[in-house]
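Written out below as structure tokens is the structure these notes cover.
The values are calculated or read from the model by the stated rules, or taken from the named source; none is laboratory data. Keep in mind it's a predicted model, so treat the numbers as computed, not measured. All Cβ positions, glycine included, derive from the backbone under ideal geometry; neighbour counts span all protein chains shown. Heads up: the accessible areas ignore ligands, DNA and RNA and are worked out on the full protein's heavy atoms, side chains in. Shrake-Rupley method; radii C 1.70, N 1.55, O 1.52, S 1.80 Å.
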Amino acid sequence: VIDMSRHMRRIGELDRELASLRVDAGVVLDTLNSTLAGNGLWFGPDVATSSRATVGGMIANNSSGAHAPVYGTTADHVAAVEVVLADGTMAVVGPGSDALPELREEATRLVEEHDAAISDRLPPGLIKRRPGYGFDRAARSPGDLVQLLAGSEGTLALITGAMLRVV
């Protein structure tokens with residue numbers, strides 16, 4: 001377990017046009033929402049542990065909350081993720097990212113190869129579920145490693161920051 005809440009707490013400038021901002025993994029949800037409140041915005045997932053839940057932990061668990069049917073899960077609000085791999089490689093991954101091409105291609109191949117089993121076990125429309133690799137989300141968004149990282153509980157990479165979409 002790596003606790004990033006002591007030092008990795010930067011909140012970047014809000015891009016009002018895209019309704020997004022960059023945050024460090026240690027930013028606590030209540031702090032993020034307090035920062036956004038002046039703009040009439042907030043981060044959609046509303047976990048009960050918002051006074052302690054960090055963005056990195058929420059991504060790692062694909063947290064949701066009571067309003068998941070309205071706002072979805074954390075994965076639905078992550079545009080990109082900054083990660084460190086086990087070999088020390090640092091990258092920013094997300095839709096349209098050129099980072100980690102071999103891993104993206106292999107992940108896409110594996111998801112496509114097992115599409116029938118994924119669809120059977122994780123049917124469309126299932127909003128809240130246990131944490132775990134987002135194979136169903138990856139099948140809907142080929143090449144987007146964020147969809148596999150969200151819910152992987154830190155087993156695939158260390159999350160150091162993210163570009164979030166806010167509502």
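None of Leu110, Leu103 is open to solvent by 40 Å² or more (accessible area, probe 1.4 Å), outside any loop (DSSP other than H, G, I, E, B), within 18 Å of Leu158 (Cα to Cα) and without any contact (Cβ under 8 Å) to a residue 60 or more places away in the chain except Leu103. For Val81, which of the numbered conditions (1) of a type in the set (A, V, I, L, M); (2) within 22 Å of Ala68 (Cβ to Cβ); (3) without any contact (Cβ under 8 Å) to a residue 40 or more places away in the chain fails to hold? Of (1) of a type in the set (A, V, I, L, M); (2) within 22 Å of Ala68 (Cβ to Cβ); (3) without any contact (Cβ under 8 Å) to a residue 40 or more places away in the chain, only one is false for Val81: (3).
If you go through segment 24-41 and pick out every residue that is over 17 Å from the mean Cα position of the chain (by Cα) and either in contact (Cβ under 8 Å) with a residue 24 or more places away in the chain or under 20 Å from Leu158 (Cα atoms) (or both), you end up with 4.
Picking from residues in segment 131-140 that are within 15 Å of the chain's Cα centre (by Cα) and closer than 22 Å to Gly65 by Cβ, the one that is surrounded by the most Cβ atoms within 10 Å (Cβ to Cβ) is Gly134. Number of residues in segment 113-128 that are surrounded by 14 or more Cβ atoms within 10 Å (Cβ to Cβ) and under 17 Å from Asn61 (Cα atoms) equals 1. Total residues in segment 50-98 satisfying the condition of being open to solvent by less than 30 Å² (accessible area, probe 1.4 Å), farther than 25 Å from Val1 by Cβ and either over 17 Å from the mean Cα position of the chain (by Cα) or at pLDDT 95 or above (or both): the figure is 1.
Just name the residue that is nearest to His77 (Cα to Cα) out of those in segment 146-167 that are open to solvent by 20 Å² or more (accessible area, probe 1.4 Å) and assigned to a loop (DSSP other than H, G, I, E, B). Step by step, filter segment 146-167, then rank; the result is Val167.
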